[in-house]
Amino acid sequence: GQALSMQPFVTDLSAQDMRDIGAWYASQKASAGLADDTPISEGPLAGQPFYAIGQQLYRGGDAQRGIPACIACHGPTGAGNPGPGWPHIAGQHASYISQRLQQYRSGEHTLQQAANFQIMQQVSQQLTDSEIQSLASYLQGLHPARNDIAVASAP
């Protein structure tokens, strides 16, 4: 849906124009926001900050439910991984991350790289709404390390 709003601006761009724009965005420094540290009021994580659920999923996944750790593909600080080209996700707005994870979970997509979509769809199938919100909050506040950015942007 949101991609359609950009279509009028990109229809006349050449392949080189798109590479140049991509290179410019890749050279920008991302600034992370803040994770929601409101204490959880009940359950096994009572008293811990709201983002703790997302942090646990990001760093360790949930083996019992078959949820891999996000860190495996997106790196220790969310700067992404070279090779397969997993994207930089640290510092993204929580609302955007939440929306994307919900879209993956529901199977809603218009992506050309179906294999990457299917991986995220499988992962997100097991996430609850509150886990998605917590993971989104955690990622919004995740600050990539200088070394991770250099590795992720290496050719």
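Where a number appears in this text, it was derived from the coordinates with a stated rule and is not lab data. Predicted model, so just to flag it, every value in this text is computed and none were measured. Note that we place each Cβ from the backbone using ideal geometry, even for glycine, and neighbour counts take in every protein chain shown.
Points to keep in mind about this one:
- Note on region 35-144: Kirkwood hydrodynamic radius from all Cα pairs is 14.1 Å, rounded to one decimal.
- Using 0.36 nm per residue and subtracting the Cα-Cα separation, the extra length available between Ala69 and Gln28 on full extension is 12.1 nm.
- The peptide list 11-20, 98-107, put in order of mean Cβ contacts within 10 Å with the highest first, becomes 98-107, 11-20.
- Modelled spin-label separation between Asp12 and Asn116, with each label point placed 7 Å from Cα along the Cα-to-Cβ direction: 2.8 nm.
- Note on region 35-144: with charges restricted to the Cβ of Lys and Arg (+1) and Asp and Glu (-1), its dipole about the Cα centre is near 300 debye.
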